[in-house]
1. Of everything in segment 96-105 that's among the aliphatic types (A, V, I, L, M) and open to solvent by 20 Å² or more (accessible area, probe 1.4 Å), which residue is nearest to the ligand (Cβ to nearest atom)?
2. Yes or no: segment 174-195 includes at least one residue that is β-branched (Val, Ile, Thr), under 27 Å from ARG81 (Cβ atoms), within 22 Å of the chain's Cα centre (by Cα) and buried (at least 17 other Cβ atoms within 10 Å of the Cβ).
3. Among the residues of segment 12-28, which ones are open to solvent by 80 Å² or more (accessible area, probe 1.4 Å) and without any contact (Cβ under 8 Å) to a residue 24 or more places away in the chain?
4. For segment 153-166, indicate whether the set of residues that are of a type in the set (Val, Ile, Thr) and closer than 21 Å to GLU218 by Cβ is non-empty.
5. Being in a helix (DSSP H, G or I), open to solvent by 70 Å² or more (accessible area, probe 1.4 Å) and of a type outside the set (Lys, Arg) is the filter here, so list the residues in segment 244-264 that pass it.
6. Pick from segment 133-153 the residues that are of a type in the set (A, V, I, L, M, F, W, C) and touching a residue at least 40 places away in the same chain (Cβ under 8 Å): which of them is farthest from ASP180 (Cα to Cα)?
Amino acid sequence: MSDVTRDLQQSGDIKSVGLAIPGLVNRETDRVLASTNLPFTAPEHIHADLMKATGLRFELENDANAAAYGEYKAGAGRNARDIFYIGIGDAIGGAIILDGKLWTGASGCAGEIGHITIDTEGGECVCGNTGCLETIASSPNIVRRARERLNRDNTSSLSRLAMQDSFTAADLALEANNGDDFSLMMLERTGRSIGIAVASMINLLNIERIVLGGPVIEAGDLLLKPIMTEAGKRSLRQCFEATTIVAGELGVEGVAMGVALLARDA
Ligand SMILES: [Zn+2]
């Protein structure tokens with residue numbers, strides 16, 4: 001941290017710094033409510049600590065909220081009034097933007113689509129619930145599900161690859177694009193689960209545009225198509241027809257771009 005602090009102090013004309021973390025952030029108090037998927041736990045007062053250490057203004061935000069803002073301003077959410085963003089990677093986050101502003105709820109937790117229940121018989125989630133969307137469709141859980149199935153059915157070209165520690169959801173997507181039936185089936189099933197959650201958001205918000213981002217969405221149409229099909233099946237037709245579902249345009253840089261734009265616009 002001290003190197004970063006020194007660099008920031010020496011960088012001249014910085015007006016504001018955006019900081020996005022995978023965790024819950026209360027923007028009213030600028031406190032971290034919970035943090036996951038970092039090599040460390042983000043301290044509750046990281047915002048105040050950084051401002052004090054650098055003398056610079058910081059804007060602290062949840063990573064999905066930051067990515068949503070990036071897509072809204074500079075990516076697949078451009079020219080929409082309202083969007084719902086879903087980010088799928090090591091975890092699953094979501095964010096709601098209404099009339100150009102992030103709608104973060106009473107305590108900063110709005111949009112947490114990764115923790116809505118998809119499978120009442122499902123496995124335990126990091127949040128304490130069971131069967132959350134994240135327990136099925138996050139990158140590590142796609143890998144886990146693939147390995148469990150491959151232990152029973154080893155006819156796929158993935159069988160040997162999947163046993164390696166380095167095996168990722170991106171490998172599975174690559175095999176699917178090469179026509180491997182097992183990988184295609186896994187993406188199809190994952191997409192259906194995401195589509196169930198998307199349908200709920202469509203019915204709840206009747207939102208103009210849904211932007212899907214994060215590394216898992218890089219799988220492309222093989223994942224997007226089942227998401228759209230399932231969302232269409234499970235939402236009210238009048239709501240579904242008013243919604244456009246698109247892939248994000250900013251890729252893995254979306255979080256950094258979004259939080260920089262938030263810092264600029266705050
Ligand atoms: Zn959960």
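1. Pass one, segment 96-105, residues among the aliphatic types (A, V, I, L, M): 96-98, 102.
Okay, now just the ones that are also open to solvent by 20 Å² or more (accessible area, probe 1.4 Å), so 98, 102.
Details: LEU98: 24, LEU102: 21 Å.
Going through the qualifying residues, I end up with LEU102.
2. Quick first cut of segment 174-195, residues β-branched (Val, Ile, Thr) only: 190, 194.
After this cut, where a residue has to be under 27 Å from ARG81 (Cβ atoms) as well, the list is 194.
Subset that is within 22 Å of the chain's Cα centre (by Cα): 194.
With the extra rule that they be buried (at least 17 other Cβ atoms within 10 Å of the Cβ), the set shrinks to 194.
Yes, some residue in segment 174-195 is β-branched (Val, Ile, Thr), under 27 Å from ARG81 (Cβ atoms), within 22 Å of the chain's Cα centre (by Cα) and buried (at least 17 other Cβ atoms within 10 Å of the Cβ).
3. From segment 12-28, those open to solvent by 80 Å² or more (accessible area, probe 1.4 Å) are 13, 15, 28; that's our starting set.
ASP13 - this is the single residue of segment 12-28 that is open to solvent by 80 Å² or more (accessible area, probe 1.4 Å) and without any contact (Cβ under 8 Å) to a residue 24 or more places away in the chain.
4. So the first thing to find is which residues in segment 153-166 are of a type in the set (Val, Ile, Thr), and the list is 155.
Subsequent filtering for residues that are closer than 21 Å to GLU218 by Cβ retains none.
No, the conditions are met nowhere in segment 153-166.
5. Within segment 244-264, the first condition is being in a helix (DSSP H, G or I), and the residues that meet it are 251-264.
With open to solvent by 70 Å² or more (accessible area, probe 1.4 Å) added as a condition, the list becomes 252-253, 257, 264.
Correct list: VAL252, GLU253, MET257.
6. Start the filter on segment 133-153 by keeping residues that are of a type in the set (A, V, I, L, M, F, W, C), which leaves 133, 136-137, 142-143, 146, 150.
Subsequent filtering for residues that are touching a residue at least 40 places away in the same chain (Cβ under 8 Å) retains 133, 136-137, 142, 146.
Details: LEU133: 25, ILE136: 20, ALA137: 19, ILE142: 16, ALA146: 13 Å.
The qualifying residue farthest from ASP180 (Cα to Cα) is LEU133.
A quick yes/no check of all residues on (1) polar (S, T, N, Q); (2) without any contact (Cβ under 8 Å) to a residue 60 or more places away in the chain; (3) in contact with a His (Cβ under 9 Å, 6 or more places away or on another chain):
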| site | (1), (2), (3) |
| --- | --- |
| GLY108 | no, no, no |
| THR130 | yes, yes, no |
| ALA162 | no, yes, no |
| GLU175 | no, yes, no |
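Yes or no, residue by residue, for (1) under 26 Å from PHE167 (Cβ atoms); (2) in a strand (DSSP E or B); (3) modelled with pLDDT of 95 or more; (4) within 16 Å of the ligand (Cβ to nearest atom):
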position: ALA42; (1), (2), (3), (4): no, no, no, no
position: MET51; (1), (2), (3), (4): no, no, no, no
position: ALA67; (1), (2), (3), (4): yes, no, yes, no
position: GLY70; (1), (2), (3), (4): no, no, yes, no
position: ALA80; (1), (2), (3), (4): no, no, yes, no
position: ASP90; (1), (2), (3), (4): yes, no, no, yes
position: GLY94; (1), (2), (3), (4): no, yes, yes, yes
position: SER107; (1), (2), (3), (4): no, no, no, no
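The values are calculated or read from the model by the stated rules, or taken from the named source; none is laboratory data. Computed from a predicted structure; not experimentally measured. Backbone-built Cβ (ideal geometry, glycine too); neighbour counts: all protein chains shown. The accessibility values were calculated without ligands, DNA or RNA, using every heavy atom of the protein model including side chains. Shrake-Rupley method; radii C 1.70, N 1.55, O 1.52, S 1.80 Å.
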